[in-house]
Amino acid sequence: MATLSDRLVRAMRDLHRNWMDVTPKADINKSQHLTLRAIKVFEMENPDSKGATVKDLAKRGGRSPASISQKIAALEELGLVYRTPDEHDKRVVYFHLTEEGEKVHDDIHRQMSGFINRVVEKMGEPEVIETAERIEKLLNCIKETNMEMMEGTDETD
């Protein structure tokens with residue numbers, strides 16, 4: 001019989017795996033789509049900015065700058081992203097979606113929204129709200145416990 005911790009870990013793993021398996025019909029993978037989305041959201045939230053930097057995207061996505069750079073390079077090769085150097089500091093580069101990048105992003109976003117809407121219909125809105133609240137609570141507990149353990153204040157050792 002699985003312990004409570006085994007059951008929780010399995011549920012989180014299966015949720016993650018199944019979510020990552022939800023792939024919209026597109027010529028890019030989910031990771032690349034999430035990078036497009038991060039650029040789009042950054043620009044929407046920061047309309048006066050010159051664009052998103054690798055550092056901005058890494059911070060937003062909880063990924064390393066090297067990982068983000070790799071994804072952006074692939075998106076540039078596909079003609080979905082372009083870069084503009086900073087006028088004053090050539091080490092700083094800003095990224096933007098091309099017109100085709102906007103189209104691909106919007107198509108995938110529309111597909112994913114349709115998918116989520118179908119899940120909500122099957123599960124029911126009240127259940128989705130309750131589940132989201134529980135996931136948020138679990139996430140906060142995970143973050144809090146992780147911080148405690150990193151600070152060495154965990155008393156369960």
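Quick notes on this one:
- Sub-7 Å Cβ pairs linking a first residue in region 19-33 that is under 19 Å from Ser64 (Cβ atoms) to a second residue that is basic (Lys, Arg), at least 6 apart or interchain, are Met20/Lys30; Ser31/Lys71; Gln32/Lys71, ordered by first then second residue.
- Pair list, Cβ under 8 Å, 6 or more apart: region 130-147 residue within 13 Å of Leu15 (Cβ to Cβ), other residue of a type outside the set (D, E, K, R) and surrounded by 10 or more Cβ atoms within 10 Å (Cβ to Cβ): Thr131/Met123
- The residue list Ala38, Ala58, Ala73 contains one member that is out of contact with any Phe, Trp or Tyr (no Cβ under 8 Å at 6 or more places or on another chain), over 28 Å from Lys143 (Cα atoms) and not polar (S, T, N, Q), which is Ala73.
- Any hit, region 61-76, residues being under 16 Å from the mean Cα position of the chain (by Cα), in contact (Cβ under 8 Å) with a residue 60 or more places away in the chain and within 25 Å of Asn18 (Cβ to Cβ): no
- Filtered by the rule that a residue be surrounded by 12 or more Cβ atoms within 10 Å (Cβ to Cβ) and modelled with pLDDT under 90, region 1-28 gives Val22, Thr23, Pro24, Ala26, Ile28.
- Matching entry among Tyr94, Tyr82 (being touching a Ser or Thr at 6+ places or on another chain (Cβ under 6 Å) and in contact (Cβ under 8 Å) with a residue 24 or more places away in the chain): Tyr94
- Any helices (runs of 4 or more DSSP H) falling wholly within region 43-157 and containing at least 2 residues that are of a type in the set (S, T, N, Q) and surrounded by fewer than 12 Cβ atoms within 10 Å (Cβ to Cβ): 99-123, 125-151
The values are calculated or read from the model by the stated rules, or taken from the named source; none is laboratory data. The structure displayed is predicted, hence computed values, not measured ones. So basically every Cβ, Gly included, is an ideal-geometry build from the backbone, and we count neighbours across all protein chains shown.
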